[in-house]
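Trainee: Next up is a structure, given as structure tokens.
The values are calculated or read from the model by the stated rules, or taken from the named source; none is laboratory data. Please read all numbers here as calculations on a predicted model, not as lab measurements. Because the Cβ atoms are built from the backbone with ideal geometry, glycine has one as well, and the counts that use them run over all protein chains shown.
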């Protein structure tokens, strides 16, 4: 069988499985998910064995220690995977919600109801826990999924999927086994083949760095929901409570610097820069945050620079950069208008916050910043499925077609219109 | 200026205009739209003059009479365009709707509100009235639009856009003139350039035949909402009221055969085929509908064939075909399950209907047919923005990401999350 035939078969099987999956009841899906979670724990030994083989092979190819750590599955990580699947089982079923209802003058009753999307492809990098995570979210939302993980994790991913599927099939004889499939080859060309199957694949969601996302977008013929990067901002307005601003800025940068909703650039109104910047500067330096400042903020920051504090000049490229690290751009702006323009130009339409007591400024910021999440007096770090009350999350979209912002189960659905008539004809 | 520079400039101007447009009030947008509608009528003479030049040039290139008719603008068509724009002005503003609202345990209040998408590209074929139509719908929904019409209609499209923009700018000094732009060249390569501008263009909506849609999908790097084709079905169940079935099938095929929601294939349960097919067959033949039948239905239809009635054998390819014409496939199936399988395999996920008095069969059909609109005892012809109560419509989507089915103003919006806090930090 050629690669094309092999991948096409995956797509066709997924489409067929999606038809059967869409008809399962909520109770059937939950029972399957609980069985899958139990299997992840009870079949821990063979899963860890497969992972061990992946780890050995990866170590031989010289994979970095950090990457090896991401690849590793131990008892704790396996327990976490199982717990994640149980949490998905407990969430409300996102399929079959009535989104709209109307009766037309001719008596035709229309109902807009949520449906599964159909067949979803998830492309991700090394962490094998994504396999259980993505599979359970897609299953609960009635979508057949084709998973393409990192090449170094293939055995681990296959083992996880195998035991999840086997457990569900024991639980429910009607379980459509092809609703969870792992691309069985590490050939790069397989991705291009997969993303050409417009007749079978409804959506691709890449999860990973900007390079992966761009590569997927470049070749895909199917719709892609993207999360390019998180270049997030906090703007400290002239009318900000400076203590609140300090706490929010510190939280947005330092609470977890490596994630997409962490702040990368701090914008400060010129009026409060002399009083605010020394406060936050000292605090960030104490946490070893490197500052990259524009000329105006550099002059202020320099005066109060502690020994060992790193203060550089920000380049234009820095303003576009997602550091995911203890580095922060700092820029002085002239008012809320310039802050908004900076964010819409350099940002990634992810999460941005204004700190101010001035409602007019806040309303302007909320209205004009064109990002998935815009905050007034809160940290950017809240953009997250769990924090938004969605339960688990499959990703955060920086797109505007389909889902935007955190994507939970509801964001994994489409809809259809049902028309209930008694013989209505178009005149 | 190279073509790339020229097209990039269109994109950049559209993005800038979209920022300004998103801030206009409903009243400002309505006033602009009414001024545009007035201008279409009062500047009728130069618009018709531009159209006359297009018609002359098109006639010289040997364009068919049918195509020339589609290109032509006369007083009636211009009045219709103006009326369409006034209707859009009168519709509710789709931007700023509160789609969801929740307060989290930490006191953070979240609001999900509808926003414009941003910059939309519309690619269409010859009819110049689409220019006014698409421009007004995009304007009302706060989207900057880049219009690429048929090459033979360039002067007409430019004239329509010019007078709409000039009128709006007189009405409102803050009107962002680049929110409506016509691609100023007929070069084919311009489309590829336009659909590569991922930093400026948020969405492309091609309107036209399947060939156009496939060509756009093939080259586009930006999301495309597609309406491939309408291969719509009516299934006459064993428990159908046969008189109702006859009326619905006749309406679905004959009320307007050239449109996408007209029926292309009639499926009939074997149990009622002998009684139903002769009735509908005679009625369709009287309207000169060519029948392409499978073996079982051919045998029944042949007996009652009137003189001059055309009865052929359906090929497998016929079941995939959108005729947009007085041709109908007829097939006998064994029950609702086989009908559903036929529709999900050969259909285009557009509009399908079951006629039955049996609620179990109807519920199964509604649940399992994977189409944008699924009807019970009603004609497929209702899939339409106006019939759904959406007002005007920019198209019908057969996609599952973003809008599905008829697309009115609401379907031309995205959303963002606003977070209202009082100093919330992530812990």
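Trainee: Could we say that residue B:69 is out of contact with any helix residue (DSSP H, G or I) (no Cβ under 9 Å at 6 or more places or on another chain), away from chain A (no Cβ under 14 Å) and surrounded by fewer than 19 Cβ atoms within 10 Å (Cβ to Cβ) here?
Mentor: So residue B:69 fits the description; yes.
Trainee: Would you list the strands (runs of 3 or more DSSP E) that sit entirely within segment A:260-325 and hold 3 or more residues that are surrounded by 15 or more Cβ atoms within 10 Å (Cβ to Cβ) and in the same structural domain as residue A:353 (by TED's automatic domain parsing)?
Mentor: A:263-269, A:290-293
Trainee: With respect to residue A:228, is the statement that it is within 14 Å of another protein chain (Cβ to nearest Cβ) and modelled with pLDDT under 95 true?
Mentor: Yes, satisfied.
Trainee: Failed condition for residue B:365, given (1) outside any helix (DSSP H, G or I); (2) in contact with a helix residue (DSSP H, G or I) (Cβ under 7 Å, 6 or more places away or on another chain); (3) more than 7 Å from chain A (Cβ to nearest Cβ), with all others met?
Mentor: (1)
Trainee: Then there's this: Of the conditions (1) more than 14 Å from chain A (Cβ to nearest Cβ); (2) over 19 Å from residue B:155 (Cβ atoms), residue B:43 clears all except one; give me its number.
Mentor: (2)
Trainee: Separate question: Looking at B:38, B:69, which is the one that is under 27 Å from the mean Cα position of the chain (by Cα), more than 30 Å from residue B:196 (Cβ to Cβ) and touching a residue at least 24 places away in the same chain (Cβ under 8 Å)?
Mentor: B:38
Trainee: Could we say that residue A:101 is within 30 Å of residue A:418 (Cβ to Cβ) and either exposed (fewer than 13 other Cβ atoms within 10 Å of the Cβ) or more than 14 Å from chain B (Cβ to nearest Cβ) (or both) here?
Mentor: It is true that residue A:101 is within 30 Å of residue A:418 (Cβ to Cβ) and either exposed (fewer than 13 other Cβ atoms within 10 Å of the Cβ) or more than 14 Å from chain B (Cβ to nearest Cβ) (or both).
Trainee: Right, next: When only residues in segment B:175-214 that are out of contact with any helix residue (DSSP H, G or I) (no Cβ under 6 Å at 6 or more places or on another chain), within 14 Å of chain A (Cβ to nearest Cβ) and more than 15 Å from residue B:122 (Cβ to Cβ) count, which is surrounded by the fewest Cβ atoms within 10 Å (Cβ to Cβ)?
Mentor: B:199
Trainee: Could you list, in sequence order, all residues of segment A:389-403 that are at the interface with another protein chain (Cβ under 7 Å from one of its Cβ atoms) and within 21 Å of residue A:136 (Cα to Cα)?
Mentor: A:389, A:402
Trainee: Right, here's the next one. Taking the conditions exactly as written (at the interface with chain A (Cβ under 7 Å from one of its Cβ atoms), without any contact (Cβ under 8 Å) to a residue 40 or more places away in the chain and buried (at least 24 other Cβ atoms within 10 Å of the Cβ)), does residue B:372 satisfy them or not?
Mentor: Here the answer is yes, as residue B:372 does meet what is asked.
Trainee: Here's a follow-up. Do we have any residue at all in segment B:386-407 that's under 13 Å from residue B:231 (Cβ atoms) and without any contact (Cβ under 8 Å) to a residue 60 or more places away in the chain?
Mentor: The answer is no, given that none of the residues of segment B:386-407 is under 13 Å from residue B:231 (Cβ atoms) and without any contact (Cβ under 8 Å) to a residue 60 or more places away in the chain.
Trainee: Given B:272, B:219, B:224, which one is more than 19 Å from residue B:319 (Cβ to Cβ) and over 30 Å from the mean Cα position of the chain (by Cα)?
Mentor: Only one candidate passes the filter, namely B:272.
Trainee: Condition first: more than 10 Å from every other protein chain (Cβ to nearest Cβ) and under 17 Å from residue A:99 (Cα atoms). Now tell me which residues in segment A:404-427 satisfy that.
Mentor: Those that are more than 10 Å from every other protein chain (Cβ to nearest Cβ) and under 17 Å from residue A:99 (Cα atoms): A:408, A:409, A:411, A:412.
Trainee: Report, by residue number, each residue of segment A:347-369 that is in contact (Cβ under 8 Å) with a residue 60 or more places away in the chain and surrounded by fewer than 19 Cβ atoms within 10 Å (Cβ to Cβ).
Mentor: A:357, A:358
Trainee: Residues B:329, B:377, B:344: which one is crowded, with 20+ Cβ neighbours inside 10 Å, within 7 Å of chain A (Cβ to nearest Cβ), touching a residue at least 24 places away in the same chain (Cβ under 8 Å) and touching a helix residue (DSSP H, G or I) at 6+ places or on another chain (Cβ under 7 Å)?
Mentor: B:377
Trainee: In contact with a strand residue (DSSP E or B) (Cβ under 9 Å, 6 or more places away or on another chain) and surrounded by 22 or more Cβ atoms within 10 Å (Cβ to Cβ): does that describe residue B:154?
Mentor: No; evaluated as a whole, the condition is false for this residue.
Trainee: Regarding residue B:117, is this residue more than 14 Å from chain A (Cβ to nearest Cβ), farther than 18 Å from residue B:77 by Cα, buried (at least 19 other Cβ atoms within 10 Å of the Cβ) and in contact with a strand residue (DSSP E or B) (Cβ under 8 Å, 6 or more places away or on another chain)?
Mentor: Answer is no for this residue.
Trainee: Test residue B:367 against the criterion of being in contact with a strand residue (DSSP E or B) (Cβ under 7 Å, 6 or more places away or on another chain) and modelled with pLDDT of 95 or more, and give yes or no.
Mentor: Considered against the rule, which asks whether it is in contact with a strand residue (DSSP E or B) (Cβ under 7 Å, 6 or more places away or on another chain) and modelled with pLDDT of 95 or more, residue B:367 comes out as no.
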